[in-house]
1. What is the sum of charges around B:Ser193, taking Lys and Arg as +1, Asp and Glu as -1, for the other residues whose C-beta is under 10 Å from the C-beta of B:Ser193?
2. Calculated from DSSP H runs of 4 or more alone, at -39500 (n - 2.57) each and per residue, what is the 222 nm mean residue ellipticity of the protein assembly as shown, nearest 500?
3. Run through the other copies and list how far each one's label point is from that of B:Arg120, in nm with one decimal, shortest first; the point sits 7 Å from Cα along Cα-Cβ.
4. If each label sits 7 angstrom from Cα along the C-beta direction, how far apart, in nm, is B:Ala336 from its counterparts in the other copies?
5. Check which residues have an amide H placed less than 5 Å from A:Cys142's amide H, if you skip close sequence neighbours.
6. Around B:Asn211, which amide H atoms from residues at least 5 apart in sequence, or from another chain, sit under 5 Å from its own amide H, with H modelled in the peptide plane?
7. Any of A:Lys26/A:Lys237; A:Lys237/B:Lys76; B:Lys152/B:Lys205; A:Lys136/A:Lys255 with alpha carbons more than 27 Å apart? Name them for me.
8. What's the magnitude of the charge dipole for region A:126-204 around its Cα centre, counting Lys and Arg as +1 and Asp and Glu as -1 at the beta-carbon? Answer in Debye, nearest 20.
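Each value in this text was obtained by applying a stated rule to the coordinates, not by laboratory testing. Please read all numbers here as calculations on a predicted model, not as lab measurements. Because the Cβ atoms are built from the backbone with ideal geometry, glycine has one as well, and the counts that use them run over all protein chains shown.
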Protein chains: 2
Amino acid sequence: MIAVDAMGGDFAPRAIVQGAYQAAIKGIPILLCGDEDQIIAILNSISVDSKEIWPSLPISIHHTTQIISMGAEPSKSVLQENDSSLVQAVRSVAQGKAQAVVSAGNSGAALVAGTLILQRVDGILRPAIGSFLPTKSSSIFCIDIGANTDCKPEYLEQFALMGHIYVSMIKNKARPRIALLSNGAEPYKGSQSVKQAYDLLIKSKLNFVGNLEPREIFDDQADVIVCDGFTGNIMLKTVQGTAKAMVYWIDQERKKSLWHSIGLLLSKGLFKGLKQKIDYAKKGGALLFGVQHPLIIAHGCSNATAIENAILYAQSVVDNQIISRFNAQLADYLSAQGITDSYIAAQRAQSFDQQQL
Amino acid sequence: MIAVDAMGGDFAPRAIVQGAYQAAIKGIPILLCGDEDQIIAILNSISVDSKEIWPSLPISIHHTTQIISMGAEPSKSVLQENDSSLVQAVRSVAQGKAQAVVSAGNSGAALVAGTLILQRVDGILRPAIGSFLPTKSSSIFCIDIGANTDCKPEYLEQFALMGHIYVSMIKNKARPRIALLSNGAEPYKGSQSVKQAYDLLIKSKLNFVGNLEPREIFDDQADVIVCDGFTGNIMLKTVQGTAKAMVYWIDQERKKSLWHSIGLLLSKGLFKGLKQKIDYAKKGGALLFGVQHPLIIAHGCSNATAIENAILYAQSVVDNQIISRFNAQLADYLSAQGITDSYIAAQRAQSFDQQQL
C-alpha cells in the first residue's frame, strides 16, 4: 500500500487523485489522504470517463481536515497541523498501514514530517534527498538536492557515505567514485564547509576523487556528487532552466529560416528524446535517504502522469526493499565506526565543555 | 594602455602573448608582464608568420621573475610573490602606468591582488565579479559569480546595490529589477545568509522582486540576480555544462538516424549561433566591481581569441570610463547612507563590545 498526500501540489487534489487512480488501475494499492468529499467527487468524475469505476480499484481514503499550503513555514506547519493530509500520509507509513509515502506538496514540510515521523537512522545527522542525473554515457547520483540548505562538513561526509551505499547497491559497483561539488578542482576551492568536507573525505575509506566542477557533471568523471541541499538544488534547477532555454532558442531560430525549419522537422524525434532526458520531472520524484521508511518527494508542479510515475517508483522501492536494504548497510557502516546518536550527543557535550574551559 | 598578465592561464604564455599581439594590431597599447625572454621568443615567432612585426606595434614588456601557478593558494602567493606577472600587472594599474589589467591566471589570486593593490571603494565590504548571462529576450546580470565563496547577508545586499548601479548605467534603466538566487520563491527559502539578505533587500530602496529559482533565470523576470560567489559560480558552470551536454547528445542522436543527420545538417547554422550564445568564454572575461580600477578576470582556459576579446573589452571599459563612473555613483549611494570604512569599523567594534558584555 502506497500512501499519497492527496492535497499537496500545485495541481492538487485533482492531478494527485487522477495519478493515484491511474496507478491503482495498474494494481497498486493506494491510501489517499485528504478531504474525503473532494477525493470522492474527483474519483467519481474520473470513473464516468473511464472503463473502470473506482470502487473496483484498490483505493482507500483516509479523511483529513487540514492542508499544509505550498508557502507554509515547514517546521511550524508540521508540528501544528497534525490532521493535515501530509502528516497523516507519513504517519500511516510509520504505523505500518502503508509501506511508502508520496507527496508533491510543500517539500520542506515533507522533509520535516519524514524526519520527525519516519525517524532518522541511528547516527545519521541529517536525512538528504538523492536523485540521478543523466550523464553522457551513464548517470550521476546527486545528494543532497534540497533537504538541507546549510550544511556542516560532517553532514556532507555522511551524504557521501549514503551516496556510496546507494550507488554500489543500485549499480552493483564495489567502489563508486565520489566527488564533491565545488567551484574548482583544487582542494582549496569551495565554501568553508566544502573545503572542510574535502579534508574529511580525503581521510575516509570512500573512493573520493576530489572536487568536481558542474561544467563536468555530465562527463562521467564520478558516480556520486555530494553537495549541500541549497547548491544541489540550484545546480539541478539550472540544468532544467538551461535545457528549457536551449529548446526555446532552437525554436526561435527555426522561425528565422526555412532550411532550419525543414532541418528541425526532420530531427524532431531527436529533440523529443533530448527533452525527456533532461526533464527529470518525468521520473516522478526523489527519495529521502537516512530515514526508516520510503518517502518520495514529487515535484510541486506534478501532473497526473508524474504522480502515477512517483507511485510506481514508490512501489518498486517497496518491492525491491531498497530502503530496508540500504538502511541495513548504512547501520553496518556507522556501527563499524562507532557512530550512533548517543555517541554524537556525547561528542557534542565534550566539545561544549571544551569551549567553556 | 592595458596591462596583461602574460604568464597566467592554462595556455600561458603563448596564447596570452598571441592574444595581446592580435589586440595590438587593432591599435590597443599593451603592457605585457612576464618573463621577457619567453615573451620576446613568442612575439618573434608570431612575427615570422604575420605581416606585422611586433616592434612596430604598441607593445611594451615589463620583465617579471615569478609566476603564480593555477593551483597556488591565492592570498599567500600574492603576498609572497611580489615580482610575479600578476602582481606586477595589477600594480602597473595602481601606479597609473596602465588603465586596466587582464589576467587569465589563478582567479583567486587575481581577486586578492585586485582587492589589495587596486583597493576597495570606501565602504564596500567585498568586491564581486559580475557578468551578463543571455536570457530569452535580453540578458541578466549575475553578481557575484566567483569572488566570495562565503557571504554574509550584508555582502549580498551590497552586491545588489552594485548590480543596480551597473545595470542602470549600462542598460539605461532607472529601476532594474533585482532578484536573489534561491531554491524557491518563498521568503523562507534559501540558506541562512540568503534568507537574511532577503530581509535586508525587502527593506532597501532597490527594486527588489524577491527570490528567483534558476529554473527561471532565462525568463526575463529580473535584470540582476544576486548570489554568493560559490553558488553563482556553480550556476554559471552548470549552464555551460548543460549546454555542452545537450550539444553532445544532439550529435549522438544524429549518428543514429539518417533523417536526423540530414535535418541537423540543414540547421547547422542554428547550432553554431546557439553554442556562441551560451559559451560565455567567448566574451573574454568578467569585471571586478568594488575596486578603484578596472580588473578583468579572463577564463583560465582562454585561447588567443578569448584573450584578444578580454583586452578589447578592457579597452572599451577604459574608453567609456565604466569603472570611474560606476565608482562615483557607488560612492554617492554609500555616502548618502553614511557607509564608509570607518563607519563599518565602528559598527564592528560596537558589536564586539556587546558580545563581551
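1. Values: positive: B:Lys152, B:Lys195; negative: A:Asp150, B:Asp150, B:Glu154, B:Asp228.
Within the 10 Å Cβ shell, the charges total -2.
2. Values: 26 runs with 349 residues, N = 714.
Helix-only estimate at 222 nm: -15500 deg cm²/dmol.
3. 3.6
4. 6.3
5. A:Ser131, A:Phe132, A:Leu133, A:Ile225
6. So B:Asn211 has HN proximity to B:Leu180.
7. A:Lys26/A:Lys237; A:Lys237/B:Lys76; A:Lys136/A:Lys255
8. Dipole magnitude for region A:126-204 comes out near 320 debye.
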